[in-house]
Each structure stands twice: as C-alpha cells, then as structure tokens.
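Here's the structure, in structure tokens; my notes come after.
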Amino acid sequence: MPDDSQHSTVDRRRFLTVLGVSAGGGAMALSGCSTDRVQKLVPYLVQSEDQVPGVATWYASTCTECTAGCGVHVRTREGRAVKLEGNPEHPVNQGKLCSRGQAALQGLYNPGRIKAPMARSADGGFAEITWDDAIARLAGKLGEAGNRLSVISGAPRGTFSDLLAEWTTALGGRLVRHESFDHEPVRAANRQVFGLDQVPAHDFGKAKYIISFGADFLESWGSPIENQRGFAQAHGFTGGDVAKFVYAAPRRDLTGLNADEWVPIKPGSEAALALAMANLLLGRQGEDRVGLTAALASFTPAMAARETGLSAQTIERLAGEFAAARPSVAVAGGVGSQHAASTEVCAAVNVLNFVAGNIGQTVRFGADLPTADGHAELARLSQAMDAGEIAVVLVHDANPAYTLPKSSGFAARFAKVGFKVSTSLYLDETASLCDLLLPQHHALERWDDARPRAGVHGLMQPVMEPVFNTLPAGEILLRVSRKAAGALARFTAPTWDEHLKTRWRALAAELGEADAAGFWHAAVQRGGVYRDPPAPPEVGLALADGRLSYTRPTFEGDGSFTFLTYPHPMLHDGRGANKPWLMENADPVTKITWHSWVEVSPGAARTLDVRDGEMVELRSPYGAVEAPVYVYPGIRDDAVAIPLGFGHTAYGHFAQGRGVNALDLLGAPRGDFVPYLSTRVSVRKTGAYRKLASVAGVPRQLGRGIAEAISLEAAKKGLTVQQAYLEEGRGKHEVNTELELEALRGWSEAQRRATEHGDYAKEHPQWGMSIDLAKCTGCSACVTACYAENNIPTVGESEVLRGREMTWLRIERYWEDGEAPGAAPAARFVPMLCQHCGNAPCEPVCPVYAAYHTPDGLNGQVYNRCVGTRYCANNCPYKVRYFNWYKYNEQAWPEPLHLQLNPDVTVRARGVMEKCTFCIQRIRDTQNHARLEDRPIRDGEFTTACAQACPSDAIVFGNVKDGAARVARVKQDSRGYHVLEDLNVRPAVTYLAKVLLAAEA
Amino acid sequence: MSAAAPPHPTAHAGHLITQTHADVTRDVVGTLSPPTRGYVLLLLGAVSLFLLGIVTFLVLVKDGLGHAGYQPPIFWSVYITTFVFWVGIGHAGTLISAILFLFRSPWRTAVYRSTEAMTVFAVMTAGLFPIIHIGRQWIFYWLLPYPNSRFLWPNFKSPLIWDVFAIATYLTVSTTFLVFGLVPDVAAVRDKASGWRKTIYQAVSVGWKGTDNQWRHYSRAYLYLAALATPLVLSVHSVVSWDFAVSIVPGWHGTIFAPYFVAGAIYSGIGMVITLIIPLRRALRIEHMITADYHFDNLGKLTLLTGSILFYAYGMEYFVAWYSGNIFEQTTFYRRAFGPYWWAGWTMIICNAFVSQLLWFRKVRTNLTSLFVISIFINIGMWFERFVIIVSSLSNDYIPWAWDQLNPTWADWGILAGSFGWFGMWFLLFAKNFPIVAIQEIKEMIPMPRKRGGHH
C-alpha cells in the first residue's frame, strides 16, 4: 500500500485491521497474566494396565484413623489417591465415613511426613540414612539390649499387631498397647458386673430410649459412624414414634446437643443417677428377678437428687420413661465423665442396662472389640524406663509424649532410654525424642489388615506408590529379624506382604474356605471378609460380693471450677491436628477453628466478668494454661472445659504451636485410665484479648425460619411447618387476601413459564436435594467431604478471623429458646449450601454471565469468565458464595499435599467467586457413562459428596423430575420447607423440619 | 448575540459592574501566573497521595483483594463507597453548568468552570474504582461490549453493565462540555501566552478568533450541549443507585433510591464545590468575582434544598421499613441506628440531614467560615451515607449466621487517599493552567458602557 499512503494515511479497512490486531494483542498479553505457568503433559512411556488417564480406579481398604475400623473405598486418579469414601459393603460404616476418616488423605500427603529413615546425628538433629543402615543399627542395638526391649504401640489392629507381639515376645521384651481414649473403665466394669473382660457393642438403632452418661457416642466414643447410623434410625422421624435421647453430663458435647433433654448433673455423680434409676426400675418391675434389691436399696431418688443436683421428681420421671420404652440403652464411659470413680459409673450403667433387660438386645457382648492394655501397664513401663531397665524402646502408632499428661513425667523418663526408635510417619512429640526414625508406610500405601470386631476382617491394600522412602512396619520387623537372627530367626517370611498372605490363607482355612486364592481376591476386592457377628453370649450378673458402690467424687486442687476436657470431634486425641481439613472444619459445637478455647457458662462468665475472646488462665495443681473464653450455654456454672488435641510442640506446621494442651492441667494417670475429670482449677482473667477464630455469625434465627422444627405430635399428624405454627398459636396468618394470593400465584407461575423457552423447554433432569434436619446431627462429615471432592482451599486462622473460610457447605448452628436466665438453649443444626435457586438472584446481576442457569437446574459458575465483581455474593440471600481474596490455591496445598487435588474439579485462582456446584463433575460423569451405555441415569447411581458421606443419611440428592426418585419422594414430606421461601427464589434444596420431643419444646 | 446566548445580567449581578473587560481578563489570566510555594507543596502532596494509591493498587493486583478489609458477607466496602462518593461529587458540576444555564441563573457564571472541572476529575476518579475493586483487574474490559472471538456479550440485565455505560457517557459528555466551554477563554489566554503553553492553548482553542459567525455557532452548540447534559444529571446517579436498588439486599432494595441518590449526589457535589472554591478564590485572588453575598448564598440555598430532600428520604426509608412489616428491612434499619454501625448511621444523619438545616439562616449561608465547616460536614456525611448503605446493609442481610463486620485496612485507606490525590492533582494542574473562571461569560454580564478596552 505504499502508493495509497500518500493519499490517505489510514483508510477504514486498515484502521480496523490495526485496531483488531492491537486490541487482540493487548487482550492476549493481558490474559496471559492469568496463566501462572505452562505445565507439560507427559504420556505414559509404558501404559499401565489398570490406569486409564481420566478414569478413576477405586480400591477397597480399611480406615486406621481410630479403632472403629471402618471400610473405605479409595478413589485414585492417575496413580494418586484423591478421595476416601465409606465402603457400602462394610458392616461397621455401611458406606459412610467421618471427617477424621476422610482426612486420612491429608495424612498420606502430609508435608510433615518423615521422608526417609533418619538417625540422630552428632549435632542433635536428624540425618537421613539408608534403610539398610537403619535396619542394621536397630538390629545391632537389639543385639546389645537383649531382653531390655520394650515396645509401645497403639491399640491392636490385626496381623501386624500379632506379629509385633510375637516379635517382642521372641526378644523377651515387653509390649504395651496404649490408646489415649481406650475403654478401660468399661472393660473393668464389665469384669466386675458380668465377669466379662470385654467392651460390648451398642445397637442404638433398636433402642426406643437412649440415655448417655457423658458418652459422646456421635463423635468419639465407640464406633461413631455406626452409632450415628443407629441414632438416626432410632431418633429420626419416619412417621411413628421417635426414641427420646437424654444426656446426663455436666457439659453438652455434640452428642449432648442432639439430646432431647440435657440433665446437667454434678460432675462425677453419674453413678448415683444410674443406680437410682435402676433401683426405681426394679421397684416398678415388682419382682426382683435379678436379685439386686438389696444392693440397690440405698440408691433412692432422694440420695441421687442430693448427689446429682437434680430433683427427685426428675429422676423418677427419667426412670419411668426409661422403664416404659423397651428396649432402651444406657451408655457411659466417655472421656467427658472419666474420673477416678469411672469404673463405678460404668458398673452402674451396666446394672441399669441389665435391670432394663437391654443386655443382649441393645448391648451386645462377644463383639471382641480391640482393647489396649490400660495405663497401668504404661506407667509400669515408664518406671522401668526411669530405673534404666530398658535399653531399647520402639514406638509404633502411638504418641505418648503428647497424649499423656505432662505430670506423668513420661517424656523425661522416655528420654532416659539409651536407644529410642519410632516408626511414626510424622515427626510427632514422641518421634522427636527418638534416636532412630523408621517411618512406616501410610495405611493407603501398604498391605495390612484390621479386625475391628468379631466377624469383620478388614483388608488394606496399597492404592498407590509410596509418597516417600518408607517401608511397611511389618517389613521393618522382618528385615530386622533377618539381620539380627538369634531369637528372631523364626520370622522367616520373605516379605511383609507374604507374611500377611500366609495369615489370610490360615484365615480362609479357619473360615472353612477351600479356595484360598479366591478368598483372598474377593477380600481384596471387597475390602475384607464380613461374617455375621457371633451370637452374643448368655450374660449373667457376676458381682463378686453382690454390692454396688458409689463414691462421691473428689477433685484435686482447690480452684472454684471443675475442669472438664474432652476429645475434639475433629482432632480426636490430637492425631488430627496436622491435617488442615480437620483444623479448619470448625468444631461442631463451638464453631471455633485452629485454636483452643475455654468454655465458660453464661452465668460463670458474668461472675468472672469475661466475654468471648478474653484470655483466662486456668491453674490446677499440675500446671496452668491460657486460652480465650468461649461463653457456652451448654456447660454447668461450676465447670469450665478445654478440648483436647491442641497445643502440639511438634507434629508439623499445621499442628505446632496452636492452642494449649489441656492435659497440662491433669494429674498422672492412676490405675488403668487417665482421670480426665478429676481436677479443680482456678480461673483468672489475664486482661489480654484474642479474637476467636470462629465461623459463627449471629447464632440466633431472629424469627426467620431457617432451621424449622415441629413437635412430634404435629409431625405425626402430617402437618406442615406453617400448619403446626398456626395450630400452636405461634404462627402468623397470611395477611394477603385471596385476590392478592391469586395474583402472587399468577406472577410466580408466569415467572416459571418464562424459563421454559429455548433449551430449557427440552427434557432435562432437574437436580434437587433434600436435607432432613431430624436426622442431621451437625457432625460435619459432609463439610470435609465437600472440601475433599471440590478442592476447597483451607485458608488458615488469619483468614478465618476475617470470615473468609471457603466452606461451600457449612453447618449453621442456631440456639433456640433458653433466653430465660438459667434456661439452656437447644441447638438446631442446618447444613447451608448453594440452594441452586430456580429464580436465582445471583444470576442476573453478573455483568459477564459467569453466574448462569443450566437447563438441568443448576446455578453454574464459570470461573474462567468471572472477573470478580462479587455482586452475586451480595445478592445471594443464603450467603453461600465464596470469593478468592488471595491466591489460596497457592497456599492451601504445600507439597506434597497438592497431590490430593481432584483432577475433575478446577482449582480456583484468586479473584474469582466459587460455590457449591451440586458436584457437577459427578453429574456429568454419570451422564456420560449413561450415554455411552445408551440408558437413562438410574436414581441412586451417584450422589453428591456430602450426601455420600452423611453418616445419618440426612441428605438425599437426585433428579426431582423423576417421580420415582428418592429425592422426589422425600420432597413430598409434609415437613418439607424452603429456607426464605418468601423471596420466591425457588430453591432446589428442601429441608425437612426437625422433630421436637416434648422435653425440648 | 443570538437569542440563545448566555444569560444577561439581572439586578443581582450588580456587584460585577465595577469591572471592565480588561480587568476581567487581567484577573483571570493572573491566576495562571507562575506557581507559588504553597501551590507546589499542595501539588506535591496530591501527587504523593496518588503514588500511595498506585502502590496500593499494585499490591492488590499482585496478591489479591485480600489486603483490603473485606469481611464476608461484606463483599463491597470502602472502594464502592468511594466510587459512589466520587460519582456523586461529579453531579454538581453538570447541574450548575447545564441545568442552571438552561434556567438562566446568572450566579452560575463565576463558579461553573471550577465545578465543571471538578465534575470531570471526579468522574475520572470514580471511573477507576470499578477496575480497582474487581477481583481480576486485568480483564476489566470483559465488562465492555466489544467484538470477540468467543461471541460473548456482557449481561445487559446486570446493573453493573448499566453502570459502565452511565459512567462512560457521563465522562464523555462532561469532558466535551468542559472543553467546549473553554474554547473562547483559552483563546483569550492564548493571545497572552508564550512557549509550550501557547502550543497547548492553540490546540485547545481550535483556531478561535471570536468572529460573529463563530460566536453564533458556539452559543447554539453550547445550548444543545447543555440540553444534552441535563438528563445525565438525573440518569447517571439513578443508574448508580440501581446497582443497589435492583438487588434484593434489605436496605438496598428500595424504589426511592433513584431520586434519593440524585439529591444526595447534588448535595455532595455542592458540598465539594464549596470546599474547593473557598480556598481557591483566595489563593487565586478572585474574591471579588465569587462573593459570599451572591454566589455562596445561592450555593447554600441549593445545598439546603437537596439536604432537605435527603432528610425526607432518610425519614421515608425508616418509615417504609417499619410500614412494610418486612422483618428483614426492619432489622436492617434498626441495626443501622443501633447496631454495630450506629456511629456511621448517626454520622450520616447528623452531617446530612441536620447540619444542612442550618442553612435556613442567611447569616450562615453568607459566612464563609461557617459555610466551609458545613461543607466539610457534608463531604464526610456523604461518604458515610454510602458507607452506611453499602456496608451496614451487607453486614446483616438474610442469614444471621453469616453476619459479620468490616475491618478496614491500610489497603482501603491507601486507595481512598490515592483517589483524593488523583483528583487533587488534576484539579490543581487545571487551576494553574486553564482559566478557572469563565472569562467570556463574566464579560457578558458587564453592562454595555464598561465594555470598552478589553479583548473580546
């Protein structure tokens, strides 16, 4: 165009060309900023047989996070475990999994894992060594030590525990199995009352009445998932009667908040109440079939009233209710009521169950639950270590330096041992005292098995290559045996895997299976072998002297408050503290994350003149700790409580230096268990303040009908929430005239019809959800599942303090009533997630269509399109949209934690909005499969991560257009309602109102 | 002069008649004399604030908006507050220059240039905020309807898109109006200037010679531009108000919002005009051109009017919240007065509704000290009005569990200060380089006998 330029420098065509190119170039340069780095896709050099890129492979395994031994299914993608779900075939958990179980994944990929064998070097640090070297060192030390070896391990689990016991015995050493929250008082009481050295299983599902004496069976005590399932069965509403649940303890934990009635008895007086109830029951039965009249005679309601602080009428009423419902169940032995006379409490509850005829019904012996050795054994070992009788100590699957009170002096005594070895995966408190670290495989990396109860043989298999240079603990023992020979020469198995398989061949023979190979394959496929539990044995009373005792509790220290401590529902005994999911998923009761707190009742808070967040110092004869106050209406005025699990001094950067260890206030274990409830503390206000990292806003509903509830009578009559309100005279009559209502209906209908154009008019499924608040316990397993499935970043304490947690699904906990002084409020839990409104306020306000409606009824959110105006979040009435204020995606998953990420879900960059998608990746995956097989989607073929995890089965998801779908049927329930229905946003989530029993209303 | 020429003097304008055309030109051109130390210090201050804003912005772009004090559910806070504040400021200029021009209010002549400049710079400032406040600032242009290979258009249902258009239109029209009005005056200055300034003035005055023909076209065009700009005074802030009113947030969702916001905008704009002009007239030694008895009296009356409309609007908001029987609205308004943001709520009511009522007194209106103090109250009050509407409404909407309070940080204040620096920098540069008082319009107000001896 040189000639042209003489006439006109820029013609129209050229102008547009230049404009287009430069604008495009600018756009490219600008959009280039959002691509952080180019990553390469590397194809497999040799295609693995069972790995198809983009297709998940599932492995069955067994959870090892507590002793319940739930079955898990591990989802792996491209050779990496990405999610844990319950194994539906497993009799213990039947497809469900708690937060702790799901978070095992973060144990696998934990940045705090020990990456290779290490030995203490001259400068006091640890230096990496080879496995050969490590094995040789241990073998050498064992040779020198002779029988001066001791082994501390966790509760026995299966073949490995047997091997460990045999191995230790062969060396002449002693093995102590230590589990922080074992059931020693229960076992002792059963020895005493029934002559059975066992821990029984409980069947809550059958019970028509449940009373718990401080046993937190929904979160820590026993087998929480199984208990939750049973509790939902007994306590959920299905049209008929509902089991009443009474909680007798000085503090309400999550289990207590789910009770219909809380009986705030004096700390340590549980036995008096249980025995008085047994006495009353006996009186009602007329004849004394069990011969306990004399033994129980002194436990009158008046005596129990004196001891517990309840009125005699209350005790009589409880006994009457307990007697009227059969079968019932009474449980005890939780940490929350574990004091010096704990065995008495459990014995009293045994008697109560026995008198009520629950033994063999809801309380089943013969379950062969794993038990540890009790603290007395460990105390003896500790003394031996102190006396220099131990030359080598091996710690496996236990962290006594943290889980024992400081006053026990364990750490100092342990340090005196010449050679200390740990197989811990993490550099925990005990491992950091050791001389040799032999990190074992994570449970997801090794072959192993578990026998959580009679009839259940769970199997674990490696689901992926080990993340680090570790070995299975069994392999370590066998290699040491080969090296050391001598007494260990009889352990000849070439590998740990071989040893395990040999045992399973023996098991096949034992179970009468001829085809051992087939048996093994089936077990690997199904995650184990499940047989019916053996029939419970005939149980009779075996009280040695026919007498029952009650000791009035005594407390150490002269403070004015009884000190309570309890397992944190997420962190358990502290083993969960290195997993950010568990730290950030708020405690279901207090809704506090990342740090410790002191629970103080509103009455006590007035006396002490303290408010939320004010620091107080708790001092007992054994020590003092400082933590911020949380004013909690679910605790007695004369008690204060701190959760266990915080205050780690080692155990990785997620755990270290957060909060305080409540054990510092306790005395050394006496007898076979830690007396968690045995101390009095003085409380002193320090004047300092620390904002609580709480996820709670205003914990009252303010009459907005978010977590609705109706009475059992109304529910049985099939009334709706509105009708029930009107019947009770509490509701508001609609003020609209018929004409106005007609107009409103017409408008609503017109709006609905307006959506039936274009693509929307076609046949599409409509995804919907129902959440039954009568079943929801607030346990928050769904929240963890959501974090795991959807790559939700944990943001850390500082961001939680700014209200920026990213919980797509959160459990709101509202207090109801209890405004009167001294009255205890009731808790209402309501899971809140994107409601996928049919008439969504978030959609029209987005200037760039990042928020849009899909034809199948979802509120889509296009991360790539989002520019981050945040208008959608302002306009969302449910406040379920979450914004990436920082580059959370670069901070939340320090290596190798990023390997946990679900490849099916985008990791969101900073500056974009995100929210619940109803697990759209699962929907599309299922649709694709159905299309490949040329069939419609079957109801129940898949579900969302939250619904999948829910132990109470409170969440149902599916296609509401399919009339036969479970979700469509549940949505028809008369208890169904929408939150903020008046806004006419037409949510796809239907809540079913909670059902209240008389005591709560 | 044609029939549509700028207004002729009325009896009120008698105070100017002591001047000749030559005086006017001399005085106005005198404002362009080399800067004093005070001016340079002020300018340096403004530039430093602006640089602070730039640094803050760069940090936000680097790390994310997290540095600012956002605390969900408060997803909009100081930035949007300041955005609306500046848009509002912008409204006084067009009102004074266009609407009062059409209504033939002669007192506007002395102040309209400075208010117009203020308008353009305020809108320029406001226009930065939609970019600053979004999560991914580098793709702000996705809000614009430009042809692209994705065939994606913005969502015309979203008030934020309306906003983009409203602000862009307003910036275009008010800039045109300002530049257009400058032409004859710049021509006057051009003839006395030399060096690089002369080059600039030559460009801006686009060959103005002051011929009758030019004047005829000019007056006609000025009238049309004024007519074109007039509806914008009402529409732009109405659209901005719909950013809120169209949503379902209690405290935002009100039909009163458009008129309420327009009145507020004019109120805040005049407040800012007073704040700027009182020191400016002294600094530039043009006290005799902008007088307390006449100009400020009139500005005061306009403030009183709009302030009273605001008073009514505040009252009506509370009344409707109560009368509606809607518990969400009721809670929001109860908490606005007695909740965690009571201090902001009362600051707004006192500064805007109550303080403006002092202007009923002529003594207050014509006393520059009291007027200046009141104008500061207005600026503060109007910033807090937007803060209250945005932050306190968001802090307590439908789900109590989600309620929280804002914790503003250095990043909030950095951007706020930067916006004042940016605005101040432009205003100061303008005042020193362009005639801040409209020469030709003042000259037109001078009675015939004195018209001799000056440059036309």
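Throughout, read-outs are computed from the coordinates displayed, never taken from laboratory work. The structure displayed is predicted, hence computed values, not measured ones. Ideal geometry is used to build each Cβ from the backbone, glycine not excepted, and the neighbour counts take in all protein chains shown.
General remarks:
- Taken over the alpha carbons of the stretch A:920-1001 as equal point scatterers, the Debye sum produces base-10 log I(q)/I(0) values at 0.14, 0.15, 0.17, 0.21 Å⁻¹ of -0.61, -0.68, -0.83, -1.10.
- Order of B:His91, B:His288 - criterion: other Cβ atoms within 10 Å of each residue's Cβ, fewest first: B:His288, B:His91
- Relative pair counts by distance (%), Cα atoms of the stretch A:275-347, 5 Å bins: 3, 15, 21, 25, 24, 9, 2, 0
- Exposure proxy ranking, count of Cβ atoms within 10 Å, fewest first, for A:Lys691, A:Lys141, A:Lys244, A:Lys40: A:Lys40, A:Lys691, A:Lys141, A:Lys244
- Cβ neighbours within 10 Å from other chains - mean over B:154-161: 6
- Residue pairs, from the table A:Lys266/A:Lys716; A:Lys762/A:Lys994; A:Lys208/A:Lys717; A:Lys691/A:Lys994; A:Lys915/B:Lys62, whose Cα atoms sit over 26 Å apart: A:Lys266/A:Lys716; A:Lys762/A:Lys994; A:Lys691/A:Lys994
- Dimensionless Rg ratio for the stretch A:561-689, taking C-alpha atoms and the 2.2 N^0.38 Å reference: 1.00
- Taking 18 Å as the straight-line reach from the Cα of B:Lys192, the aspartates and glutamates in range (excluding those fewer than 8 positions away in the same chain) are B:Asp23, B:Asp27.
- Neighbourhood charge, 10 Å Cβ-Cβ cut-off, centred on A:Asp386 and excluding it, Lys, Arg +1 and Asp, Glu -1: +1
- Highest-first packing order for the peptide set B:95-105, A:716-726 is B:95-105, A:716-726, based on the mean count of other beta carbon atoms within 10 Å.
- Mean per-residue shielding of peptide A:794-804 is 3, counting Cβ atoms of other chains within 10 Å of each Cβ.
- Of B:Thr199, A:Thr926, B:Thr347, B:Thr94, the sequence from fewest to most neighbouring Cβ atoms within 10 angstrom is B:Thr199, A:Thr926, B:Thr347, B:Thr94.
- Bins of 20 Å from zero: percent of alpha-carbon pairs in the stretch B:11-451: 24, 56, 19, 1
- Where labels lie 7 Å past Cα in the beta-carbon direction, separation of A:His764 and A:Ala122 in nm: 7.2
- Tilt relative to chain B, helix B:112-133 - C-alpha long axis, 0 to 90 degrees, to 10: 30
- Note that the stretch B:54-69 has calculated 3J(HN,Hα) couplings of 5, 4, 4, 4, 4, 5, 4, 5, 5, 9, x, 6, x, 5, 6, x Hz, one per residue in order, obtained from phi through the Karplus relation 6.51 cos²θ - 1.76 cosθ + 1.60 (θ = phi - 60°); glycine and proline are x.
- Contact order normalised by residue count of the stretch A:184-364, Cα under 8 Å, 6+ apart, percent: 32
- The stretch B:206-295 shape via C-alpha gyration tensor axes, a/c threshold 1.5: oblate
- With respect to chain B, whose longest principal axis is taken over its alpha-carbon atoms, helix B:257-283 is tilted by about 50°.
- Spin-label model, A:Lys115/B:Asn407: points 7 Å from Cα along the beta carbon direction are separated by 3.5 nm.
- Efficiency of FRET from Cβ geometry, B:Tyr146 and B:Phe180, R₀ 22 Å, rounded to 0.05: 0.20
- Figure legend: label point modelled 7 angstrom from the Cα of B:Ala168 along Cα→Cβ; residues of the stretch B:217-245 with amide N under 19 Å from it are B:229, B:232-233, B:235-243.
- In summary, the protein assembly as shown shows an alpha-carbon radius of gyration equal to 1.10 times the 2.2 N^0.38 Å reference for compact globular proteins.
- 5 angstrom amide H check on A:Val395, placed H, neighbours 5+ away: A:Ile152, A:Val421, A:Ser422, A:Thr423
- Listed by chain and number, the lysines whose alpha-carbon sits under 29 Å from that of A:Lys141, ignoring those within fewer than 8 places in the same chain, are A:Lys115, A:Lys406, A:Lys416, A:Lys420, A:Lys483.
- Between A:Thr238 and A:Lys961, the C-beta separation translates, for a Förster distance of 25 Å, into a calculated FRET efficiency of about 0.50.
- Once the C-beta distance of A:Ala454 and A:Arg482 is scaled by a Förster radius of 30 Å, the resulting FRET efficiency is 0.30 to the nearest 0.05.
- Ordering of A:211-222, A:674-685 by burial proxy (mean other Cβ atoms within 10 Å per residue, highest first): A:211-222, A:674-685
- Summing charges over all other residues whose Cβ lies under 13 Å from the Cβ of B:Thr81, with Lys and Arg as +1 and Asp and Glu as -1, gives -2.
- Peptide A:836-848 shows a mean partner chain C-beta count of 4 within 10 Å per residue C-beta.
- Taking label points 7 Å from Cα along the Cα-to-Cβ direction, A:Leu932 and B:Ala337 give a separation of 6.5 nm.
- Rounded to 10°, Cα long-axis angle of helix B:410-433 versus longest principal axis of chain B: 10
- The helix-based estimate of mean residue ellipticity at 222 nm for chain A, built from -39,500 (n - 2.57) per DSSP H run of four or more residues and divided by its residue count, is -8500 deg cm²/dmol to the nearest 500.
- Whole-number D in µm² s⁻¹ for the stretch A:184-364, Kirkwood Cα-pair radius fed into Stokes-Einstein, 4 °C, 1.567 mPa s: 82
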